[in-house]
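Notes follow once the structure below has been shown.
The values are calculated or read from the model by the stated rules, or taken from the named source; none is laboratory data. Just so we're clear, the structure is a prediction, and the values are computed from it rather than from any experiment. Please note: Cβ atoms are built from the backbone with ideal geometry, for glycine as well, and neighbour counts cover all protein chains shown.
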Amino acid sequence: MLKIKNLHASVEGNEILRGLNLEVKPGEVHAIMGPNGSGKSTLASVLAGNEDYEVTEGAVDFEGKDLLDLGTEDRAREGLFLAFQYPVEIPGVSNINFLRAALNEIRKYHGEEPYSASEFLKRVKEKSALVELDGKLANRSVNEGFSGGEKKRNEIFQMAMLEPKLAILDETDSGLDIDALKVVAQGVNAMRSPNRSFVVITHYQRLLDYIVPDVVHVLYKGRIVKSGPKELALELEAKGYDWIKEEVTA
Amino acid sequence: MEVVNATDQKKEAFLGALDAAFQQPLASAKGALLNASRETLRTQPAPTTRTEAWKYTRTTRIINQAWSHAVPTVDADAFAVNDLDAWRLVFVNGVFQAEQSTWPEAEGLTVKPLRVALEAGEVEGFGEKSNTPDEWFENLNMAYASDGVFIHLGKNKQIEKPIYILHITAGEQSAAFNRHFFHVAQGAQLNVIQHSVADADAEGFYSVVTEGAVDANASLHIDKVQNEAGKVFQHAVEWVHQDRDSKFDIRTVTLRGHWVRNNLNIAVNGENCSTRLYGTYMPIEKEHLDNHTMVDHRVPHCESDEVYKGIVNDKATGVFNGKVFVRQDAQKTNAFQQNANIILTDDAQMYSKPELEIYADDVKCSHGSTTGQFDEEAVFYLRARGLSEQSARELLVYAFVSEIIEAIGNDALRNYCLEGLTKRSRG
């Protein structure tokens, strides 16, 4: 599904990712943890194609395609989805209208007919129920005036609508209370399938009680320095990151 | 008078060319007005960027040219708003095109060329609603205006369809002057669309002044859509006087224009009036779009609401200047003004200046002016959902100015403006 090899990326001349390797197979859920500033969100941004970040070395293969060669929208059309850490508020752009436009552009890219209004609305109804998103929110301007929890649920709602092959969740759990977290996790779990993979970037182990990963990675100074089973997350929660830092510098 | 310097020489050459091109101005029917305006043009200097009201808008490119006047044959249907159900009055380079026009005839309402109405002595108060003596360009219009539309709506009358005035600038180096006069009598209701367009290869100067009198309890609504291709200098002035309990709404949508200066002037003379000014502009390339507005609250218990939104791209320039006077007697005035802009490039310029002068103490007035950049994070967000960059930008541009355009009541006109907006956001 996703193969990252020796990825180096900088922002404004500062190298953040320094030789990152990662392979995600179909159906797997990978968690990426790490201390602040280790490059977790940079990884998410680089994969999604944010042009503020410059890739200086390395390769990313996504389903046999050179991901770094694709524009942001083509990555989305190929089935990559990023749930943003800070979803943007876009006054005047309706959630529903923009999603319909996005879905239809994706369908067009794959040579498919656009959804009819009724098919689309049926899908909206079904998917918004999945994340318990109030129907009124679906019709409002994108994220405008949404609470933190509503914004994150809206991200998962959009993911459910777009049905990506690979979803990257960038600190989707940050700032959520447990009830909201459960709803988000439930949405993600409902979408788990043998053909769909997840990269879950998080600061807290708590999320991984609800979205159980196959592999946990520790990102530190722009590289994955340790990988292990889900228990690694518990160990990190209990012991912090200092022992990892020591291991790396040793 | 002896010509003393190069500036005066250019002005004399400019006026001399217009004298030759426009020998039968409308105001011939009102000799005193014509002479006064000619006198002002000669004795007063033309405004320059040293004149406060023209600080950001150069007039030299108009004045340094010797304009002529010709009226080519133009098919109005090629320019008109599609599927618009309206009475249509067509002008080409300021000259009325009767064979391409239709107008209503019924008791209690008059719609006809202003020249015909003036000659028949039907126009009361012509020239009195406008022409502040120091407005050089208004005098220019008075001195050379060749025709326009006269509308008189009798007491409690209403026209079932809007009056659609289409002006087409065509050909090269042609100046054109129109003057309209609308009188909406007590309790009557008038809906006007003023649409100005130009051929892609047109070069011209178009000056248009509209005088409006809205009597007690009457209502005047104007949708003004400017969409001129080619290289046209347009100066458009509205002077509207409102009597008590009246409503005046104007929406100015500038879809395109090489050089546009709009001056809206509203004198609120009677109590309990409502005045609404909405506008949007989206200049690209080196276009220069300037909106000056003035609302003069002279009496108590009135409200005005003004919202202008602009998107300035490439090397274009936008100007907004909104004056609101609240005179000492105008207690309980409720005046709101907002100007919001997005600058898309480093070379684009926007000059925004709200000017509130408040002399009454029991009023509610607010104004706001914001100028910012396009939200690139929002573009990225939308692209990350699969929208192309072009679609994302279109969606955001649309979202920003849509409140101005979506509120156009007439479906055909709204669609026309939305289409123009889409073309613009594609850059």
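Data table
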quantity: Boolean, B:Ile408 is assigned to a strand (DSSP E or B), touching a helix residue (DSSP H, G or I) at 6+ places or on another chain (Cβ under 7 Å), more than 10 Å from chain A (Cβ to nearest Cβ) and among the aliphatic types (A, V, I, L, M); calculated: no
quantity: So B:Asn321, is it free of Cβ contacts under 8 Å to residues at least 60 places away in the same chain and part of a strand (DSSP E or B); calculated: no
quantity: Residue within segment A:169-184 that is buried (at least 19 other Cβ atoms within 10 Å of the Cβ), within 12 Å of chain B (Cβ to nearest Cβ) and under 13 Å from the mean Cα position of the chain (by Cα) present; calculated: yes
quantity: Test: residue in segment A:104-123 that is part of a helix (DSSP H, G or I), within 11 Å of chain B (Cβ to nearest Cβ), buried (at least 21 other Cβ atoms within 10 Å of the Cβ) and touching a Leu at 6+ places or on another chain (Cβ under 9 Å); calculated: yes
quantity: Filtered residues of segment B:263-289 (kept if within 16 Å of B:Phe233 (Cα to Cα), crowded, with 24+ Cβ neighbours inside 10 Å and either touching a helix residue (DSSP H, G or I) at 6+ places or on another chain (Cβ under 7 Å) or not hydroxyl-bearing (Ser, Thr, Tyr) (or both)); calculated: B:Pro283, B:Leu289
quantity: Set B:Phe137, B:Phe150, B:Phe126: member being of a type outside the set (Val, Ile, Thr), assigned to a helix (DSSP H, G or I) and either assigned by TED's automatic domain parsing to the domain that holds B:Asp201 or in contact with a strand residue (DSSP E or B) (Cβ under 7 Å, 6 or more places away or on another chain) (or both); calculated: B:Phe137
quantity: Hey, B:Thr333 within 13 Å of chain A (Cβ to nearest Cβ) and within 20 Å of B:Thr293 (Cα to Cα) or not; calculated: no
quantity: Tally, over segment B:348-389, of residues that are within 14 Å of chain A (Cβ to nearest Cβ), over 30 Å from A:Pro164 (Cβ atoms) and buried (at least 17 other Cβ atoms within 10 Å of the Cβ); calculated: 0
quantity: Sole residue being touching a residue at least 24 places away in the same chain (Cβ under 8 Å), more than 10 Å from every other protein chain (Cβ to nearest Cβ) and either surrounded by 20 or more Cβ atoms within 10 Å (Cβ to Cβ) or under 20 Å from the mean Cα position of the chain (by Cα) (or both), chosen from A:Gly145, A:Gly149; calculated: A:Gly149
quantity: All positions within segment B:339-367 that are in contact with a strand residue (DSSP E or B) (Cβ under 9 Å, 6 or more places away or on another chain), in a loop (DSSP other than H, G, I, E, B) and closer than 16 Å to B:Val324 by Cβ; calculated: B:Tyr359, B:Ala360, B:Val363
quantity: Subset of segment B:399-419 (residues that are under 30 Å from A:His110 (Cα atoms) and buried (at least 19 other Cβ atoms within 10 Å of the Cβ)); calculated: B:Ala399
quantity: Meets criteria (among the small types (Gly, Ala, Ser), outside any loop (DSSP other than H, G, I, E, B), touching a residue at least 12 places away in the same chain (Cβ under 8 Å) and closer than 29 Å to A:Arg206 by Cα) for A:Ala59; calculated: no
quantity: Residue satisfying condition, being surrounded by fewer than 19 Cβ atoms within 10 Å (Cβ to Cβ), without any contact (Cβ under 8 Å) to a residue 12 or more places away in the chain and in the same structural domain as B:Ser130 (by TED's automatic domain parsing), within set B:Gly108, B:Gly31; calculated: B:Gly31
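Conditions tested, residue by residue: (1) basic (Lys, Arg); (2) within 14 Å of chain B (Cβ to nearest Cβ); (3) on the phi > 0 side of the Ramachandran plot.
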position: A:Met33; (1), (2), (3): no, no, no
position: A:Leu47; (1), (2), (3): no, yes, no
position: A:Asn50; (1), (2), (3): no, yes, no
position: A:Asp74; (1), (2), (3): no, yes, no
position: A:Leu82; (1), (2), (3): no, yes, no
position: A:Gly92; (1), (2), (3): no, yes, yes
